[in-house]
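Data first, discussion second: the structure below is written as structure tokens.
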């Protein structure tokens, strides 16, 4: 951001420095004007005006600046550059492109560095849709640019601007070159917009169309609408671990057990519900698999948790592994969880890591061992695996799942990493570019914008990153697209507000958070919605905000403030994680307030019985929770057979329907038609079972029919539709035979 000589001449000076908060004198700015602070011209924003004192929150590290240094008012709010080139970009909180800064500055960004949000050298092929003499209105599409293979970037007239077209150009242009001349202004491929100001729309519409995610627990039980808001509170959890005695292969040729790696780890520690996560001050050099080659890697964090079940595997090459059932191993066919591996499967191993060659070994024995065990894990950013076991075997480590971003039927994805730990954000930055978009087969990054803001960056920048992501989402919404915005985590944003508030010496609210916490959260979430744009087409922004309450305490202010605003609550449950039930969404405490609004759509497009099946499913799960109290006291055998049947069917709902394997090529995504077919089959089993009980058929015979096994496997079958029809037909035949007998 260049500063004119006139502005520099009107500069004020620093009066006081308190961390990210700087007080200046000698200025007459407006609220939220961008200020350039100190000799290095650090970017900041006006947050309070009192007399001749201007309070500024600075987006960069203020170490070393001192009173008396100049402060320049740019006379502008924080504006974003919006145009072709946003998709596939990785920005910090104030829209500086990180790859560009990294090329210029190395791995660390120097203070006061500027870089335009959009590349000024790249040209884009512009195809106009207006001609000379046309009159254009705000939001109207004046031409298109093919930004990605499957995303057409629609160039629109900026809000509050209209006029008669005098001249139109076609061809390849840079973002700052004129393409359309109006009688009132010249338009370029790029426009700017202040981040704190919501972009205007013609009208907001009712959220009556679901955002389809392909995840059964979300789509069926707790749906979110296009233009809706959802909250995902939950602490850290994992599900892919090994026992403590498992050796981990080091790059120097030695090995260390998983337990020893955890015990020797030093660094920030976080514990909750029996789980402990340590970010290592000194990362461990390990071997890892990448693109079928064994390469050098680094473990940056260690984890310890508990499990009720382990899978023991032995191979022809003499390898012995003891893993949790959900721990994935690499096979010739892809990644497969230990529970689904079978004798004869070939897993990827390494005879000699130093050579870089990966080979295969055949599983010769498999055994399931029950009992409470302590398990361990390492985090290896990027490849997400390491070599371990008595002989070098490729083991998968805990990896963040981006299922919503990958599978939801939104056209554009905006991911805001708001103050997460550096290694977590690094995983996102390395994982997203390699994710394949299932809708197009192209890289997911081609329709994604990443805002990276980590916990070691200045706290003020977290607030900017939230508004930056929302403004970009609104820009694509105004083109008529459905946008999914993921904010992870709004708790870190709230903590930044708490620190700034304390620096301002404001009266604190609950737990030290500012009294305006809920108002700020509301301002953010209310910018979501399904709308008619200024030009007429429909667009939407669906916001999913992750909340990270300390110690998993959902009663703390950020979680409670978010729940009062959002309409969907997906409660992550630590006990479900311990049981290896994923997605670990608690069906008793989660809810969706969109269900009633979406029911007409489901009835018309999927099936008339969808709402009734959802109500029946929730009823059975609720009855199971009530019966479990009795079972713990007297045992399941003391219950009447009809209640025992309810427990059996509830287990089928949980294991056959709600559980979903994000890494299985079939089960990772379930269409709505397949979802209703599977839950309809479970309901049919329940109805036929009740009928059979009235005819004095024993519960043992009802539970023993072979079609139950088919139903358990059907969600993993590539010929899903054929297999579920076969399972239902066999179930009906088996019940007829039971009734006759």
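Worth pointing out:
- Helices (runs of 4 or more DSSP H) contained entirely in segment 586-667, each with at least 2 residues that are in the same structural domain as residue 690 (by TED's automatic domain parsing) and surrounded by 17 or more Cβ atoms within 10 Å (Cβ to Cβ): 610-634, 641-652
- Selection from segment 562-582 of residues that are in contact with a strand residue (DSSP E or B) (Cβ under 8 Å, 6 or more places away or on another chain) and either not in a helix (DSSP H, G or I) or not assigned by TED's automatic domain parsing to the domain that holds residue 550 (or both): 566, 567, 568, 569, 570, 571, 572, 573, 579, 580
- Those strands (runs of 3 or more DSSP E) lying entirely in segment 201-266 with at least 1 residues at pLDDT 90 or above and either farther than 17 Å from residue 409 by Cβ or out of contact with any strand residue (DSSP E or B) (no Cβ under 8 Å at 6 or more places or on another chain) (or both): 203-205, 229-233
- Per-region count, segment 36-67, residues closer than 17 Å to residue 92 by Cα and in contact with a strand residue (DSSP E or B) (Cβ under 7 Å, 6 or more places away or on another chain): 8
- Residue 183, sole failed condition from (1) in contact (Cβ under 8 Å) with a residue 24 or more places away in the chain; (2) farther than 24 Å from residue 483 by Cβ: (1)
- Only one entry of 354, 342, 296 meets the criterion of being assigned to a strand (DSSP E or B) and either loosely packed, with under 15 Cβ neighbours inside 10 Å or at pLDDT 80 or above (or both), and that entry is 296.
- Among residues of segment 512-533, those that are buried (at least 20 other Cβ atoms within 10 Å of the Cβ), over 17 Å from residue 224 (Cβ atoms) and in contact with a strand residue (DSSP E or B) (Cβ under 8 Å, 6 or more places away or on another chain), counted: 2
- For residue 127: the one exception among (1) in contact with a strand residue (DSSP E or B) (Cβ under 7 Å, 6 or more places away or on another chain); (2) closer than 24 Å to residue 34 by Cα; (3) not assigned by TED's automatic domain parsing to the domain that holds residue 13; (4) not in a loop (DSSP other than H, G, I, E, B): (2)
- Check on residue 479, under 24 Å from the mean Cα position of the chain (by Cα), touching a residue at least 24 places away in the same chain (Cβ under 8 Å) and assigned to a loop (DSSP other than H, G, I, E, B): yes
- One residue stands out among those in segment 1-39 that are in contact with a helix residue (DSSP H, G or I) (Cβ under 8 Å, 6 or more places away or on another chain) and crowded, with 20+ Cβ neighbours inside 10 Å: the one that is modelled with the lowest pLDDT, which is 20.
- Among (1) surrounded by 13 or more Cβ atoms within 10 Å (Cβ to Cβ); (2) modelled with pLDDT of 80 or more; (3) closer than 23 Å to residue 258 by Cα - the single one residue 368 does not satisfy: (1)
- Pairs, first in the same structural domain as residue 284 (by TED's automatic domain parsing) and free of Cβ contacts under 8 Å to residues at least 60 places away in the same chain in segment 248-259, second surrounded by fewer than 17 Cβ atoms within 10 Å (Cβ to Cβ) and part of a loop (DSSP other than H, G, I, E, B), C-beta under 7 Å, six or more apart: 257/245
- Of the residues screened, residue 114 is one that is surrounded by fewer than 16 Cβ atoms within 10 Å (Cβ to Cβ), over 28 Å from the mean Cα position of the chain (by Cα) and farther than 29 Å from residue 437 by Cβ.
- Helices (runs of 4 or more DSSP H) (entirely within segment 670-714) containing at least 3 residues that are crowded, with 18+ Cβ neighbours inside 10 Å: 672-694, 707-713
- Residue in segment 488-510 that is assigned to a strand (DSSP E or B), at pLDDT below 95, more than 20 Å from the chain's Cα centre (by Cα) and buried (at least 18 other Cβ atoms within 10 Å of the Cβ) present: no
The values are calculated or read from the model by the stated rules, or taken from the named source; none is laboratory data. Please read all numbers here as calculations on a predicted model, not as lab measurements. For neighbour counting, all protein chains shown are included, and Cβ atoms are generated from backbone atoms with ideal geometry for every residue, glycine included.
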